[in-house]
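Below you'll find the structure, written out as structure tokens, and then a few comments.
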Amino acid sequence: MSTSQQADPLIGRLVDGRYRVRARIARGGMATVYVATDMRLERRIALKVMHGHLSDDAVFQSRFIQEARAAARLADPHVVNVFDQGQDGDMAYLVMEYLPGITLRDLLRQQRRLTVPQTMTIMDAILSGLAAAHRAGIVHRDVKPENVLLAEDGRIKIGDFGLARATTANTATGQMLLGTIAYLAPELVTRGTADARSDIYALGIMLYEMLTGDQPYKGEQPMQIAYQHATDSVPRPSVKNPDVPEALDELVLWATERSPDGRPDDADRMLERLRDVERELGIAPQVARTLAVGTAVADDGLDSGELTRTLPPAITSPSAVVADVDNATRLRRAARRRSAKGGWLFVLVMLLTAVAGGAGWWFGSGPGSLISVAQVAGLSYDEAASRLAEDGLVASETGQYTLDVEAGQVISTDPGAGRFVEKDAAIEVFVSLGPAPHDIPALTGVTETDARNALTAAKVSVGDNAYIFNDADKDIVLGASVTPGLGGDSYDCTNGCTVLEGDSATLTISAGQVPSVSGLSVGNATSTLEDVGLQVSDNQITTTSDSISKGDVIGIGDRDGGGDWRPGDTVTLIVSDGPPLFPVPDVIGMTRDEARSAIEDAGFSVNFAVFWNAFPDGLTEVTATDPTASSQIVKGATVYLQITASG
């Protein structure tokens, strides 16, 4: 890995004796986020480290710790978990749940607008998480699609409580408006105050954007958008998307009332109404909201953009109908009341008119002037940040795994090159982390198909397999070797390993056992071995055998160089020459018993005329044998003695 990743001193460091930093995935104005491993619990986590130059700033440090405390107070499946907060020397850090996946912003970029079922599933999950925050007395203050995480396993969570405040604080932000202008509530524009209803307004804007694919207010400058938030009413989503049901139209209008008093009191109240709408539309509420998403690569298509949900029968009970009518009537009346509440804005409009003379400066050479984002693809992050800073733009780094761009080089920016932005705008710079890592489980003992699937799922190519004859079942993996795609020595992956996308692998597969050919004729043995891919040499090894008939095969010789046999190897047959032969002892001149002992000790049987047993041994003498002395015979053969009387 090169450039900025290499230069980061935290990569590889053990933080606080517990968290091993693996890679940097994002860098913003206040902190840098890394992927790390909790060595104590052996799990992957996200480590958010406050920038060193902010450590002495009490305001920033307080806000950093505030995020940990705010999120840690929440116990909801739709809020990103904060596990730990600490200090390692001068470094303040948070330990958070690591959620590979994409953001709602990524999903909107890819699909532009969402279906009604998709929208309601995501909104249900966001409201559930935000409701937990509101019940705990916490206002998020920065609700936007970028802070809604859609995990690869389908979980939907809201995160980044960096601007969260207690609902009782309700104080002005001072000299700047914290949050994102596109989702900023009117009271933040006009008074700089926020409570739970400000989060509801941002949710209403998000709901409109999910249903239509656009934000309701647009302008070349932030001031223009802020002015529209303060003076205009959000239009019905169905004006842009006729497929939006009226009930969702009314929900958007209710949530985006300019007056906080006209909105739902908190996320619980809005969630209650959302689920009423679900029942009206025949969409059953779910206990756990999930969404199928792809990987966190903005340019890739989603694996699936559809939601898994069950459609119940339509609700037909009278009480449900009456409740729905009452809710719809109340919402329509609330919409009509909005037109009567604009009187107070007259003073604001007059003030804005008074400063219109300064608009030319603001939008021309002042803070509101537009800058074209420079092309920085292929540069290092530091080079890209410097180039953008020359134009008065602020870069933040987001790591992204890719096979196409060398690690450490810029892939792209958001907004993209050539887009016009205001001065001091934040530019997200996507920097290549190189090929994505994947953990491969132990492969020994699994089938070739399962091993190949595990490797190809990690985008590792599998070459020609190596087959060996082995006692294991046929087609079972015996070993695996991985060759790095970026260069370097191959390494063993038999018992599991971490690979990078683009690596290649070779599997060693069992070809089963070498078939036994003992006792077969040479022709049958040759056919049997060739059927499993072995070649048979024309040369043969001949040896004697007590059990195999002469001319039949005893077995095969050892492999040249040793080791296991492999298909394509050439084997040499060992052929029986019959049983071994041994010489008959010379017993001429011995007595009967002496000759018998000598012949039996040599492994042969003895036979002679029975009447010689009646003679004392000392009066007997062997005069001849059949077969004769030194004749070659098999063990167990009979030697006949010719005996005479001596003496």
> Going through the range 402-421 one residue at a time, which ones are part of a loop (DSSP other than H, G, I, E, B) and either aliphatic (A, V, I, L, M) or surrounded by 19 or more Cβ atoms within 10 Å (Cβ to Cβ) (or both)?
Replying inline: Thr402, Leu403, Val405, Ala407, Gly408, Ala417
> Only one of (1) at pLDDT 85 or above; (2) crowded, with 20+ Cβ neighbours inside 10 Å; (3) in contact with a Leu (Cβ under 6 Å, 6 or more places away or on another chain); (4) of a type outside the set (Phe, Trp, Tyr) fails for Gln118. Which number is that?
Replying inline: (2)
> For the range 409-448, what are the residues that are within 21 Å of the chain's Cα centre (by Cα) and either without any contact (Cβ under 8 Å) to a residue 12 or more places away in the chain or at positive phi (or both)?
Replying inline: Gly434
> Do we find that Leu619 is closer than 30 Å to Leu478 by Cβ, of a type outside the set (Val, Ile, Thr), surrounded by 13 or more Cβ atoms within 10 Å (Cβ to Cβ) and touching a residue at least 24 places away in the same chain (Cβ under 8 Å) in this structure?
Replying inline: no
> Given the conditions (1) assigned to a loop (DSSP other than H, G, I, E, B); (2) touching a Pro at 6+ places or on another chain (Cβ under 8 Å); (3) modelled with pLDDT of 95 or more, which single one is not true for Val639?
Replying inline: (1)
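Name the one entry in Gly519, Gly485 that is farther than 30 Å from Ala454 by Cβ, surrounded by 14 or more Cβ atoms within 10 Å (Cβ to Cβ) and at pLDDT below 95. Steps first, answer last, please.
Details: Gly485 fails: farther than 30 Å from Ala454 by Cβ.
After applying the criteria, what remains is Gly519.
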> Considering the range 67-86 alone, what residues qualify as being in contact (Cβ under 8 Å) with a residue 60 or more places away in the chain and either under 20 Å from Leu150 (Cα atoms) or of a type in the set (S, T, N, Q) (or both)?
Replying inline: Ala71, Leu74, Pro77, His78, Val79, Val80
> Can you spot a residue in the range 80-103 that is buried (at least 16 other Cβ atoms within 10 Å of the Cβ), of a type outside the set (Phe, Trp, Tyr), closer than 26 Å to Met270 by Cα and over 26 Å from the mean Cα position of the chain (by Cα)?
Replying inline: no
>> Residues that are closer than 21 Å to Arg44 by Cα, at least 3 per element: which strands (runs of 3 or more DSSP E) completely within the range 422-496 meet that?
In response: 437-440
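Pick from Asn539, Asn607: which is loosely packed, with under 14 Cβ neighbours inside 10 Å and at pLDDT 95 or above? Quick ask: steps written out before the conclusion?
Numbers: Asn539 fails: at pLDDT 95 or above.
Within the list Asn539, Asn607, the selection yields Asn607.
Please go through the range 597-628 and give me each residue that is assigned to a helix (DSSP H, G or I) and either of a type in the set (Ser, Thr, Tyr) or more than 16 Å from Ala645 (Cα to Cα) (or both), ordered by number.
Scanning the range 597-628 gives Ser597, Ala598, Ile599, Glu600, Asp601.
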>> The conditions are (1) surrounded by fewer than 20 Cβ atoms within 10 Å (Cβ to Cβ); (2) under 16 Å from Ile156 (Cβ atoms); (3) of a type outside the set (Val, Ile, Thr), and Ala125 fails exactly one of them. Which is it?
In response: (1)
> Does Gly589 satisfy the criteria of being within 30 Å of Trp612 (Cβ to Cβ) and exposed (fewer than 12 other Cβ atoms within 10 Å of the Cβ)?
Replying inline: yes
> Residue check, Tyr201 against (1) part of a helix (DSSP H, G or I); (2) closer than 17 Å to Pro260 by Cα; (3) at pLDDT below 95, all met but one. Which one?
Replying inline: (3)
> Taking Leu107 and the conditions (1) more than 23 Å from Glu397 (Cβ to Cβ); (2) assigned by TED's automatic domain parsing to the domain that holds Met206; (3) surrounded by 22 or more Cβ atoms within 10 Å (Cβ to Cβ), which numbered condition does it fall short on, given that it satisfies the others?
Replying inline: (1)
>> Filter the range 213-266 down to the residues that are assigned to a helix (DSSP H, G or I), more than 26 Å from Val139 (Cβ to Cβ) and in contact with a helix residue (DSSP H, G or I) (Cβ under 8 Å, 6 or more places away or on another chain) and list them by number.
In response: Ser238, Glu246, Ala247, Asp249
> Quick one: Asp195 ticks every box in (1) farther than 15 Å from Asp261 by Cα; (2) in contact (Cβ under 8 Å) with a residue 60 or more places away in the chain; (3) under 39 Å from the mean Cα position of the chain (by Cα) bar one, so which box is it?
Replying inline: (1)
> Quick one: which of Val517, Val553, Val536 is outside any strand (DSSP E or B), more than 33 Å from the chain's Cα centre (by Cα), not charged (D, E, K, R) and not assigned by TED's automatic domain parsing to the domain that holds Asp450?
Replying inline: Val517
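The values are calculated or read from the model by the stated rules, or taken from the named source; none is laboratory data. Keep in mind the model is a prediction, meaning the values are calculated, not measured. Methodologically, a virtual Cβ is constructed for each residue, glycine included, from the backbone with ideal geometry; neighbour enumeration extends over all protein chains shown.
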